[in-house]
1. Failed condition for N145, given (1) among the polar types (S, T, N, Q); (2) in contact with a Lys or Arg (Cβ under 9 Å, 6 or more places away or on another chain); (3) under 17 Å from R27 (Cα atoms), with all others met?
2. Find the residue count for region 99-117, including only residues that are surrounded by fewer than 18 Cβ atoms within 10 Å (Cβ to Cβ) and not in a loop (DSSP other than H, G, I, E, B).
3. Name the residues in region 1-23 that are more than 14 Å from A72 (Cα to Cα) and surrounded by fewer than 12 Cβ atoms within 10 Å (Cβ to Cβ), would you?
4. For the condition in contact with a helix residue (DSSP H, G or I) (Cβ under 9 Å, 6 or more places away or on another chain) and either without any contact (Cβ under 8 Å) to a residue 60 or more places away in the chain or of a type in the set (K, R) (or both), what is the one hit in N138, N145?
5. Go through A150, A119 for me and flag whichever is small (G, A, S) and either touching a Ser or Thr at 6+ places or on another chain (Cβ under 6 Å) or over 15 Å from L91 (Cβ atoms) (or both).
6. Looking at (1) modelled with pLDDT under 95; (2) among the hydroxyl-bearing types (S, T, Y); (3) touching a Ser or Thr at 6+ places or on another chain (Cβ under 9 Å), which is the only condition Y177 fails?
7. It is to be established whether one or more residues within region 4-14 are closer than 26 Å to R124 by Cα, in contact (Cβ under 8 Å) with a residue 12 or more places away in the chain and in contact with a strand residue (DSSP E or B) (Cβ under 9 Å, 6 or more places away or on another chain).
8. Would you check if G76 is in a loop (DSSP other than H, G, I, E, B), closer than 26 Å to D25 by Cβ, modelled with pLDDT under 85 and small (G, A, S)?
Amino acid sequence: MKFFTGKGDTGTTGLIGSRRVSKADLRIDVIGSVDELTEFIGNAKWQIPDTPEREILESIQRDLYHLMAELAWQEGDSTVGQLSAERLAFLEEQIAALSEAIAFPKGFILPGASQSTSALGLCRVVTRRAERRLVELNALQAFTNATLLAYVNRLSSFFYLLEVKYSIREQDAQLPYTKRNL
């Protein structure tokens, strides 16, 4: 069985359906950024010990697959599901629970003191990059589903809070970044 088709040899790729676009198309770049984020989340899942939080991270990965599918669909194709407002509400509930359970640092956290906090920090910054690209795409062709932007916006907050939680839990050597400890 042949694993490649050769259709992309001319610099195009397929959207869901039969439409092909340039691999340099902004929509493809956004999908690629979100796909990259799902890989970073997969890594983070195995850096943290909590089974419930691993399950939350996996559910976020599934949400992001829905988001990518929604971006890749051809208009008029009703077979692709949308990222729902219920999933946004779920993420907001996770953020609320985390923010009530942790004490916020008084300064910036210097990243990289443990594998788990590094993995979660990478998820946060990759989320922000994906969000910037998503906002750019939305400015060119407005999304019909406003949940896409809101979900990705909340996601960076979620990763920040989870990073803080693990910084506290693991008693990282991360010092809050202040002028005194430069």
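1. N145 satisfies all of (1) among the polar types (S, T, N, Q); (2) in contact with a Lys or Arg (Cβ under 9 Å, 6 or more places away or on another chain); (3) under 17 Å from R27 (Cα atoms) except (2).
2. 5
3. Listed by number, the residues that qualify are M1, K2, F3, F4, T5, G6, K7, D9, T10, G11.
4. N138
5. A119
6. Single failed check for Y177: (3).
7. Scanning region 4-14 turns up no residue that is closer than 26 Å to R124 by Cα, in contact (Cβ under 8 Å) with a residue 12 or more places away in the chain and in contact with a strand residue (DSSP E or B) (Cβ under 9 Å, 6 or more places away or on another chain).
8. For G76, the condition - in a loop (DSSP other than H, G, I, E, B), closer than 26 Å to D25 by Cβ, modelled with pLDDT under 85 and small (G, A, S) - is met.
The values are calculated or read from the model by the stated rules, or taken from the named source; none is laboratory data. Bear in mind that the values here come from a model prediction, so they are computed numbers and not experimental data. With ideal geometry, Cβ positions are generated from the backbone for all residues, glycine too; neighbour counts draw on all protein chains shown.
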